[in-house]
Amino acid sequence: MADLVHFASEGLAFYLWSRMAGARGDPWAVGRDRAARPAGAFSYRNTILAEDDGRVVACLIGYPLPDVPDPPPDNAPAMFAPLNELEDLVPGTWYVNVLAAYPEFRGKGYGAALLGLAEDLARETLRRGMSIIVADTNTGARRLYEHCGYREVASRRMVKEGWVHPGANFVLLTKRFIRG
């Protein structure tokens, strides 16, 4: 799971895990430990895995955002500020924090299938719709989300600190549910 989170975050997760591990620690161990937690956003409990012939090929990590946004922690890194601002624009939605497939399994329908499962969960929990944040340079992911009905609603400038990434902005996409 840590591997797929690394792909989905375009290196941001590994950058953060490296900082958490320190000079002598193992960033991958930090990622695996965080995934093994029973609570928190990045937890196995919020994860849906896709398999092909017994091998994990893709994953989605998602959860409902509260109806009233929680204030960010006082010690949150500055690089999280734009992400928190975007999440605060879509309270009451089902938030897709991670959607990733191993490169050799991209374009085979796993992402769309996982998004469909997340939408079912969102409807079951009476969410207003779906939300996801993507880097402005991740055109492949953006194409998938737009194909699945997501539309851009806002963007915020990235704060990179030491994270190396070619993008300039985080983009918030949503998919609203029509209630019948």
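Being among the hydroxyl-bearing types (Ser, Thr, Tyr) and not in a loop (DSSP other than H, G, I, E, B) is the filter; apply it to the range 85-134 and report the residue that is farthest from the chain's Cα centre (by Cα). Explain how you work it out, then say what you get.
Initial filter on the range 85-134 (among the hydroxyl-bearing types (Ser, Thr, Tyr)): 93, 95, 102, 110, 125, 131.
Next cut, not in a loop (DSSP other than H, G, I, E, B) only: 95, 110, 131.
Details: Tyr95: 8, Tyr110: 15, Ser131: 9 Å.
In this case the residue turns out to be Tyr110.
Among the listed residues Glu146, Glu152, which satisfies the condition of being modelled with pLDDT of 95 or more, part of a helix (DSSP H, G or I) and either of a type in the set (Ser, Thr, Tyr) or within 21 Å of Leu172 (Cβ to Cβ) (or both)?
Values: Glu152 fails: part of a helix (DSSP H, G or I).
Being modelled with pLDDT of 95 or more, part of a helix (DSSP H, G or I) and either of a type in the set (Ser, Thr, Tyr) or within 21 Å of Leu172 (Cβ to Cβ) (or both) holds for just one of Glu146, Glu152, which is Glu146.
So which pairs qualify, if the first residue must be in the range 146-162 and under 15 Å from Ala135 (Cα atoms), the second must be in a helix (DSSP H, G or I) and not hydrophobic (A, V, I, L, M, F, W, C), the Cβ gap must be under 7 Å, and the two must be at least 6 apart or on different chains?
Arg156/Pro82; Arg156/Glu85; Arg157/Pro82; Met158/Pro82; Val159/Pro82
Could you grab me the full set of residues in the range 129-144 that are under 19 Å from Leu65 (Cα atoms), surrounded by 19 or more Cβ atoms within 10 Å (Cβ to Cβ) and not β-branched (Val, Ile, Thr)?
Met130, Ser131
Can you tell me which residue is farthest from Cys59 (Cα to Cα) among those in the range 1-26 that are out of contact with any strand residue (DSSP E or B) (no Cβ under 8 Å at 6 or more places or on another chain) and of a type in the set (A, V, I, L, M)?
Of everything passing the filter in the range 1-26, Ala23 is farthest from Cys59 (Cα to Cα).
It is to be established whether one or more residues within the range 35-47 are in contact with a Cys (Cβ under 7 Å, 6 or more places away or on another chain) and touching a residue at least 60 places away in the same chain (Cβ under 8 Å).
Of the range 35-47, the ones in contact with a Cys (Cβ under 7 Å, 6 or more places away or on another chain) are 47.
Next, only the ones that are touching a residue at least 60 places away in the same chain (Cβ under 8 Å) stay: none.
Looking for residues that are in contact with a Cys (Cβ under 7 Å, 6 or more places away or on another chain) and touching a residue at least 60 places away in the same chain (Cβ under 8 Å), one finds none in the range 35-47, hence no.
Every residue in the range 142-180 that is under 21 Å from Ala13 (Cα atoms), of a type in the set (A, V, I, L, M, F, W, C) and under 16 Å from the mean Cα position of the chain (by Cα), please.
Residues satisfying the conditions are Met158, Phe170, Val171, Leu172, Leu173.
The values are calculated or read from the model by the stated rules, or taken from the named source; none is laboratory data. Just so it is clear, the model here is predicted, and its values are computed rather than measured. When we count neighbours, we look across all protein chains shown, and the Cβ atoms used for this are built from the backbone with ideal geometry, even at glycine.
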